[in-house]
Amino acid sequence: DATLRLLRPDDHARLGVYLTGLSKATTDRWGPHAMDRAAAERICAELDHTRMLRAVATVRDPELGERLIAYQLVAWGVWDGDRERYARLGIALSEAGDCTLAPSVADAWQDQGIGSAVAVRLRTVAARVGRRRMVLWGGVQADNHRAVHFYGKLGFVKVGEFLSDAGERGTINNWDMIAPL
């Protein structure tokens with residue numbers, strides 16, 4: 001059984017293990033911040049849930065103790081790049097009314113409902129604090145069919161497309177998706 005809770009300052013080592021344990025296939029699809037132990041230390045030292053919720057799902061591991069199996073971010077408001085892309089689509093995003101989601105799940109725990117459970121809880125919290133819509137942080141890669149399906153189940157709809165440079169992977173097509181809360 002997984003426990004859902006907010007990330008805590010004392011989670012820095014667990015978050016470091018989580019981030020560095022993700023496969024390249026997963027980290028190629030998710031990138032709100034660096035995926036290393038230094039980032040985990042910084043994130044846990046600077047937690048501010050008034051600006052961004054950082055939620056985790058944990059399980060008890062007989063050998064390791066508590067282990068993170070999912071890590072999801074909800075930023076209160078929207079990032080400039082997202083706001084600019086949506087504006088070109090004729091959709092005005094609001095700092096006070098909108099929020100931004102960036103979910104991730106450890107590779108071994110994907111497709112088991114953990115990501116949905118955390119995201120549904122975060123959507124509920126966002127609605128309770130007055131947010132009206134949720135956008136995907138930087139969109140979703142159009143060829144990431146599992147993620148597109150996941151977001152669709154959560155009520156997200158595609159509103160536009162954009163290209164981005166993915167380094168070795170070249171230029172990739174992304175979808176902007178938004179969900180009412």
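The values are calculated or read from the model by the stated rules, or taken from the named source; none is laboratory data. For clarity, every value in this text was computed on a predicted model and none was experimentally measured. Counting neighbours? That spans all protein chains shown, and the Cβs are built from the backbone with ideal geometry, glycine included. Accessible surface areas use protein heavy atoms only, side chains included; no ligands, DNA or RNA. Shrake-Rupley method; radii C 1.70, N 1.55, O 1.52, S 1.80 Å.
If you check Leu47, Leu64 for being farther than 29 Å from Gly167 by Cβ, touching a Pro at 6+ places or on another chain (Cβ under 9 Å) and not basic (Lys, Arg), only one passes: Leu47. Just to be sure, is Tyr71 closer than 20 Å to Cys99 by Cα, touching a Leu at 6+ places or on another chain (Cβ under 9 Å) and touching a residue at least 12 places away in the same chain (Cβ under 8 Å)? In short, yes. The number of residues in the range 109-146 being in contact with a helix residue (DSSP H, G or I) (Cβ under 9 Å, 6 or more places away or on another chain), of a type in the set (Gly, Ala, Ser) and either open to solvent by less than 20 Å² (accessible area, probe 1.4 Å) or under 21 Å from Asp28 (Cβ atoms) (or both) comes to 5.
Each row is one residue, and each column tells you yes or no for (1) of a type outside the set (Asp, Glu); (2) assigned to a helix (DSSP H, G or I); (3) modelled with pLDDT under 95; (4) within 14 Å of Gly138 (Cβ to Cβ).
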| position | (1), (2), (3), (4) |
| --- | --- |
| Leu47 | yes, no, no, no |
| Ile69 | yes, no, no, no |
| Tyr86 | yes, yes, no, yes |
| Ala102 | yes, no, yes, yes |
| Gln112 | yes, no, yes, no |
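Close contacts from the range 156-175, counting a first residue that is assigned to a strand (DSSP E or B) and a second that is among the β-branched types (Val, Ile, Thr) and open to solvent by 80 Å² or more (accessible area, probe 1.4 Å), with Cβ to Cβ under 8 Å and a gap of 6+ residues or different chains, come to Leu163/Thr171; Ser164/Thr171; Asp165/Thr171.
Among the conditions (1) free of Cβ contacts under 8 Å to residues at least 40 places away in the same chain; (2) in a helix (DSSP H, G or I), the only one that Ala117 does not satisfy is (1).
Among Gly160, Gly90, which is more than 17 Å from Tyr71 (Cα to Cα), open to solvent by less than 30 Å² (accessible area, probe 1.4 Å) and over 18 Å from the mean Cα position of the chain (by Cα)?
Working: Gly90 fails: open to solvent by less than 30 Å² (accessible area, probe 1.4 Å).
Matching residue, one of Gly160, Gly90: Gly160.
If you go through the range 95-108, how many residues are of a type in the set (Gly, Ala, Ser) and surrounded by 13 or more Cβ atoms within 10 Å (Cβ to Cβ)?
The total comes to 4.
The set of residues from the range 1-42 being exposed (fewer than 15 other Cβ atoms within 10 Å of the Cβ) and part of a strand (DSSP E or B) comprises Thr3, Arg5, Leu6.
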